[in-house]
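Undergrad: My questions all concern the structure below.
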Amino acid sequence: MSKYTLIRSKKLRLSFLIDKKTFLLTVMLAFAALCAFVISLGVGTLRIHPVDTVKTLLGFGPDQYSVVIRTFRLPRVIVAMLVGICLAVSGAMLQGMIRNPLASPDIIGITGGASAAAVAFIICFPQAGIQWLPAAAFAGAALVTLVVYVLAWKQGVAPLRLVLIGVGIGAAMAAVTTLLIVMAPIELTSKAMIWLTGTVYGANWSDVSALAVWTAVFVPLAFVFGRSINAQQLGDDIAAGIGNPVQRHRFLLLFICAALAGSAVAIGGAIGFVALIAPHIAKKLTGPAFGGLLPVSALTGALIVMLADLVGRTAFAPLDLPVGIFTSAIGAPFFIYLLYRNRNQ
């Protein structure tokens, strides 16, 4: 019995080879993410049974639960889920495209560029609408991505050189961010500092709308170009030899990575290490093929951020700790482990 299923459409000129094991794993992760979603909505100062939570979401629940879930908890959980998806997909694409397991938006400075641009936007345009914040963060992320890639290029991109340059650029962006915060008025400084910790606290439906648009556009694009990453992992010469437009696709992939990371950072703040951890977990589960790796990475990232946010707002109640504290507490040791494992490369 074959472990693959072929889906082909001659009319649309499309064909997909689906690994049954990966498909089953994706379904299981989607169910786990749905369970985490429902549990997060029901847990808090007012505990709501999962059945009542689902009924309230469908419009049949008790009236006393409607305001708590729909107004306060639902936007926050949706934002956490979308931020995890965007960061995980961006990290998976970057690792595959550059063929470097240490590559992720926060490690090589992309998140730092988005953070600097977003803080500059918050401080310089305090009256502007939230819908423009993702665009500002994307501009910063795109600029830093281009600078890092150009500086790391020397007859190709060496993994160690890319990481070192990325860390340096990230440090420079952190310095710029700190300078902006020190020079800003105190009320804007506190707003920027809370945002920089990486938190979905206070997320509202405007945040959901702003992030959902970017996610709906760029995550499907990432899935479409996943096949190109498979080719590029073989090396530029082989990829070009089998008909892959390497440079054009690489530019598009970098653009998508910057858009996903920038929009996630703009709404959720500098939530660290999700883009590094989620793709590695997904690769252990599915293997390196990006047809299955990207959706599994997306679901894994969503689970990580939703669970980290759930722990942050319940484990130390009445304190509501930023989600970035918990992702960094897990991600920093994991990054050290990756550095040790790849020390001879």
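Undergrad: With the condition being without any contact (Cβ under 8 Å) to a residue 60 or more places away in the chain and under 24 Å from VAL150 (Cα atoms), I'd like the helices (runs of 4 or more DSSP H) fully within segment 235-302 carrying at least 3 qualifying residues. Give the steps one after another, and end with the answer.
TA: On the way: elements: 236-241, 246-268, 274-286.
Because the criterion is at least 3 residues that are without any contact (Cβ under 8 Å) to a residue 60 or more places away in the chain and under 24 Å from VAL150 (Cα atoms), the helices (runs of 4 or more DSSP H) in segment 235-302 that meet it are 236-241, 246-268.
Undergrad: Restricting to segment 250-273, name every residue that is over 14 Å from the mean Cα position of the chain (by Cα) and open to solvent by 30 Å² or more (accessible area, probe 1.4 Å).
TA: Once the filter is applied, which keeps residues that are over 14 Å from the mean Cα position of the chain (by Cα) and open to solvent by 30 Å² or more (accessible area, probe 1.4 Å), segment 250-273 yields PHE251, LEU252, PHE255.
Results for (1) of a type in the set (A, V, I, L, M); (2) open to solvent by 30 Å² or more (accessible area, probe 1.4 Å); (3) in a helix (DSSP H, G or I); (4) within 30 Å of PHE273 (Cβ to Cβ), shown as yes or no for each residue.
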| position | (1), (2), (3), (4) |
| --- | --- |
| ASP52 | no, yes, yes, no |
| LYS55 | no, yes, yes, no |
| THR71 | no, yes, yes, no |
| VAL79 | yes, no, yes, yes |
| VAL83 | yes, no, yes, yes |
| VAL89 | yes, no, yes, yes |
| ASN100 | no, no, no, yes |
| ALA103 | yes, no, no, yes |
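Undergrad: Got a number for residues in segment 240-262 being at negative phi and out of contact with any Pro (no Cβ under 9 Å at 6 or more places or on another chain)? If you could, list the steps in order and put the result at the bottom.
TA: If we filter segment 240-262 for residues that are at negative phi, which is where we start, we get 240-242, 244-262.
Okay, now just the ones that are also out of contact with any Pro (no Cβ under 9 Å at 6 or more places or on another chain), so 240-242, 244-256.
Matching residues across segment 240-262 total 16.
Undergrad: Right, something else. Going by the conditions given, is ALA192 farther than 21 Å from ALA302 by Cα, at pLDDT below 80 and in a loop (DSSP other than H, G, I, E, B)? Break it down stepwise before answering.
TA: Details: farther than 21 Å from ALA302 by Cα: yes; at pLDDT below 80: yes; in a loop (DSSP other than H, G, I, E, B): no.
In short, no.
Undergrad: Which count do you get for residues in segment 105-136 that are touching a Ser or Thr at 6+ places or on another chain (Cβ under 6 Å) and assigned to a loop (DSSP other than H, G, I, E, B)?
TA: Here is the first cut: in segment 105-136, the ones touching a Ser or Thr at 6+ places or on another chain (Cβ under 6 Å) are 105, 110, 115-116, 119, 130, 134.
Within this subset, residues satisfying the condition of being assigned to a loop (DSSP other than H, G, I, E, B) are 105.
Qualifying residue count for the region: 1.
Undergrad: A further question on this structure: Looking only at segment 57-69, which residues are open to solvent by 50 Å² or more (accessible area, probe 1.4 Å) and among the β-branched types (Val, Ile, Thr)?
TA: In the first step, residues of segment 57-69 are kept if they are open to solvent by 50 Å² or more (accessible area, probe 1.4 Å); the result is 57-60, 63-64, 67.
Of everything in segment 57-69, just one residue is open to solvent by 50 Å² or more (accessible area, probe 1.4 Å) and among the β-branched types (Val, Ile, Thr), namely VAL67.
Undergrad: Report yes if some residue within segment 139-152 is crowded, with 24+ Cβ neighbours inside 10 Å, assigned to a loop (DSSP other than H, G, I, E, B) and of a type in the set (Gly, Ala, Ser); otherwise report no. Give the steps one after another, and end with the answer.
TA: Within segment 139-152, the subset crowded, with 24+ Cβ neighbours inside 10 Å is 140-141, 144-145, 148.
With assigned to a loop (DSSP other than H, G, I, E, B) added as a condition, the list becomes none.
There is no residue in segment 139-152 that is crowded, with 24+ Cβ neighbours inside 10 Å, assigned to a loop (DSSP other than H, G, I, E, B) and of a type in the set (Gly, Ala, Ser).
Undergrad: Would you mind stating whether ALA240 is modelled with pLDDT of 80 or more, farther than 26 Å from GLY331 by Cβ and open to solvent by 10 Å² or more (accessible area, probe 1.4 Å)? It would help to see each step written out before you state the result.
TA: On the way: modelled with pLDDT of 80 or more: no; farther than 26 Å from GLY331 by Cβ: yes; open to solvent by 10 Å² or more (accessible area, probe 1.4 Å): yes.
Taking the combined requirement at face value, the residue does not satisfy it.
Undergrad: Still on this structure: Of all residues in segment 326-345 being among the small types (Gly, Ala, Ser) and at pLDDT below 80, which is surrounded by the most Cβ atoms within 10 Å (Cβ to Cβ)? Show your work before the answer.
TA: So the first thing to find is which residues in segment 326-345 are among the small types (Gly, Ala, Ser), and the list is 328-329, 331-332.
Applying the additional criterion that residues be at pLDDT below 80 yields 331-332.
Values: GLY331: 23, ALA332: 13.
The residue in question is GLY331.
Undergrad: Within segment 274-325, work out how many residues are open to solvent by 10 Å² or more (accessible area, probe 1.4 Å), at pLDDT below 85 and closer than 24 Å to MET193 by Cβ.
TA: The total comes to 9.
Undergrad: Considering only residues that are basic (Lys, Arg) and over 18 Å from ALA278 (Cβ atoms), which ones fall in segment 289-345? Spell out how you get there, then give the answer.
TA: Filtering segment 289-345 down to residues basic (Lys, Arg) leaves 313, 341, 343.
Correct list: ARG313, ARG343.
Undergrad: Conditions first: (1) open to solvent by less than 40 Å² (accessible area, probe 1.4 Å); (2) of a type in the set (Phe, Trp, Tyr); (3) modelled with pLDDT of 85 or more. PHE223 passes all but one, so which condition is the exception?
TA: (1)
Undergrad: Could you list, in sequence order, all residues of segment 175-195 that are open to solvent by less than 50 Å² (accessible area, probe 1.4 Å) and out of contact with any Gly (no Cβ under 6 Å at 6 or more places or on another chain)? Don't jump to the end; show me each part of the working.
TA: Of all residues in segment 175-195, those open to solvent by less than 50 Å² (accessible area, probe 1.4 Å) come to 177, 180-181, 184, 188-189, 192, 195.
Result: THR177, LEU180, ILE181, ALA184, LEU188, THR189, ALA192.
The values are calculated or read from the model by the stated rules, or taken from the named source; none is laboratory data. Computed from a predicted structure; not experimentally measured. Because the Cβ atoms are built from the backbone with ideal geometry, glycine has one as well, and the counts that use them run over all protein chains shown. These accessible areas exclude ligands, DNA and RNA; they are computed on the full protein's heavy atoms, side chains included. Shrake-Rupley method; radii C 1.70, N 1.55, O 1.52, S 1.80 Å.
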